[in-house]
Amino acid sequence: MNELRRKAERVLKTLVDEGFEAYFSGGCVRDMVMNLEPQDYDIATNATPQEVARIFPRSHNVGAQFGVVVVVEEDERFEVATFRSDHGYADGRHPDSVVYTEAREDVKRRDFTINGMLYQPLTGELLDLVGGREDIDARMVRTIGEPEKRFSEDKLRMMRAVRFAVQLDFSVDEATFQAIGKLAPEILQVSWERIRDELLKILTGSQAARGMILLDETGLLESILPEITALKGVQQPPEFHPEGDVWNHVMKMLENMHNPSSVLALSVLLHDAGKPETYSEEDRIRFDNHTKVGERIAEEVCRRLRLSRQETETVKSLVAQHLRFMHVRDMRQGKLKRFLLGPLFNEHLELHRLDCIGSHEDLSIYQFCLDKLKEYEREVPPQKPLINGDDLIALGFTPSPLFKEILAEAEDAQLEGTITSAEEARELVLKKFGHLLPRGKSS
Ligand code: ATP
Ligand code: MG
């Protein structure tokens, strides 16, 4: 038995020794029945939060209004929740009130049958009052009770249904699926943070494409990311895109991701979001400027999903620059080096690899970059710059955003080996940018 399970059982046994009922509940029971290793163990009990707090002095009353106490056992934290039933969901998100009750009532408030079982590890009793075991055998996500009623109470459950289906490789029960289709637009009553968390679990899991297709078929995608449903039916030049329209292209990329970070997965989803708006038919189908438009759409989506500033900037940069790879073979040494050795290059390169796999499957540019990177690794580590901002000021330049450009030019020349000393760097800068010096200083 692993350490986590042993500690969880200690908490549970302490409650039982005090005369209370206690069970493992929710996802960990589902995982145990499926022979998967639970990531965490939640405990459900008939002890009230006050009683739990008394029995475990090292506990935190985090979700008092929902009857949840966090118990610390040997530095591990366990959620101990009092059996409860939830009442009234006026806002479509949270119960108006909770009432402490018995086990058979507690399981009915839970979302899906597969998540509604209780397990007592000391006796080996599996308390399955909702048909969870049967649905695990049938590999089926099904609400406990009437789907429409359950989704009306808490709209986030619609996203969770899709998330569990892809996470576990289950189907969604027909009535459950229909109910989502009916209520999908109401997903917008839920906070974007909660929507985002479910969306990112879907996108970074092993069935991201299937997850997007389910979100689309249920209508959830149209509500939360209309920019992505807009990709459907947008034709592309067949010589570069044998896979079909932009939606198919993105799905093919999602299918080929392996353990992506959230920002990479989002960038894959959004990288061609500028195509619908920029579609034109000239000599062939063209999407002029689509990376620029895509960058703007990516920013809008990241804001909507309440991503951090840094995550937003990363996604924007990945989307904006995904076509740079078409030119890497013609880039000047210095520029290429700066791109390949830049802080986000691994993500850029992985997006490019997926972009190719998701279309023509030609990986020659990808290979070119890998070879270049190997070459750079064998070289001496980058030297420190021959010239910096202070040197520019000493030369008479007035600090401005142009400094970045001037220093980049000098850095390129240094990387290419055309300048090798501070003196040469100053000469180069004066030659190229001397005209920018304030009057009287350029001599
Ligand atoms: P995982 O932790 O693997 O994502 P889980 O089943 O443990 O899956 P949690 O979000 O941790 O999911 O929730 C724990 C349990 O609480 C669930 O198994 C379910 O019984 C119940 N639950 C969670 N969210 C809801 C909800 N929105 N409506 C009803 N019951 C819920
Ligand atoms: Mg859990």
Take segment 26-50 and flag every residue that is assigned to a helix (DSSP H, G or I), surrounded by 17 or more Cβ atoms within 10 Å (Cβ to Cβ) and away from ligand 2 (no atom under 16 Å from the Cβ).
PRO49
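Here is a yes/no grid of residues against (1) surrounded by 10 or more Cβ atoms within 10 Å (Cβ to Cβ); (2) of a type in the set (A, V, I, L, M); (3) in contact (Cβ under 8 Å) with a residue 60 or more places away in the chain; (4) assigned to a helix (DSSP H, G or I):
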{"residue": "GLU377", "(1), (2), (3), (4)": "no, no, no, yes"}
{"residue": "ILE387", "(1), (2), (3), (4)": "yes, yes, no, no"}
{"residue": "ILE393", "(1), (2), (3), (4)": "yes, yes, no, yes"}
{"residue": "GLY396", "(1), (2), (3), (4)": "yes, no, no, no"}
{"residue": "SER400", "(1), (2), (3), (4)": "yes, no, no, no"}
{"residue": "PHE403", "(1), (2), (3), (4)": "yes, no, no, yes"}
{"residue": "ILE406", "(1), (2), (3), (4)": "yes, yes, no, yes"}
{"residue": "ALA413", "(1), (2), (3), (4)": "yes, yes, yes, yes"}
Just one listed residue, out of GLY63, GLY19, is farther than 17 Å from ALA103 by Cβ and either modelled with pLDDT of 95 or more or within 14 Å of ligand 1 (Cβ to nearest atom) (or both), and it is GLY63
LEU203 being buried (at least 18 other Cβ atoms within 10 Å of the Cβ), at pLDDT 95 or above and not aromatic (Phe, Trp, Tyr):
yes
Need pairs with beta-carbon distance below 6 Å; first residue of a type in the set (A, V, I, L, M) and within segment 20-31, second part of a helix (DSSP H, G or I); sequence gap 6+ or separate chains.
ALA22/LEU12; ALA22/LEU15; ALA22/VAL16
Close pairs from segment 122-141: first under 16 Å from VAL162 (Cα atoms), partner open to solvent by 50 Å² or more (accessible area, probe 1.4 Å) and of a type in the set (Asp, Glu), Cβ under 8 Å, at least 6 apart
ARG139/ASP169
If the Cβ limit is 6 Å and pairs must be 6+ apart or interchain, which residue in segment 72-85 that is open to solvent by 30 Å² or more (accessible area, probe 1.4 Å) pairs with which residue that is of a type in the set (Lys, Arg) and at pLDDT 95 or above?
GLU74/LYS7; GLU76/LYS7
Among ARG163, ARG157, the single one that is within 15 Å of LYS108 (Cα to Cα) and in a helix (DSSP H, G or I) is ARG157
Is there a residue in segment 159-169 that is away from ligand 1 (no atom under 16 Å from the Cβ), within 29 Å of LEU36 (Cβ to Cβ) and either open to solvent by less than 40 Å² (accessible area, probe 1.4 Å) or in contact with an Asp or Glu (Cβ under 6 Å, 6 or more places away or on another chain) (or both)?
no
Restricting attention to helices (runs of 4 or more DSSP H) lying wholly within segment 273-349, give those where 2 or more residues are open to solvent by 60 Å² or more (accessible area, probe 1.4 Å).
290-304, 309-320, 333-340
Answer residue from segment 102-129, given it is within 10 Å of ligand 1 (Cβ to nearest atom) and in a loop (DSSP other than H, G, I, E, B) and is most open to solvent (accessible area, probe 1.4 Å) among those
ARG110
Counting only residues that are within 15 Å of VAL250 (Cα to Cα) and open to solvent by less than 30 Å² (accessible area, probe 1.4 Å), segment 215-231 contains a total of 6
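The values are calculated or read from the model by the stated rules, or taken from the named source; none is laboratory data. These figures come from a predicted structure and were not determined experimentally. Using ideal geometry, Cβ is built from the backbone for each residue, glycine included, and neighbour counts are taken over all protein chains shown. With ligands, DNA and RNA removed, areas are computed over all heavy atoms of the protein, side chains included. Shrake-Rupley method; radii C 1.70, N 1.55, O 1.52, S 1.80 Å.
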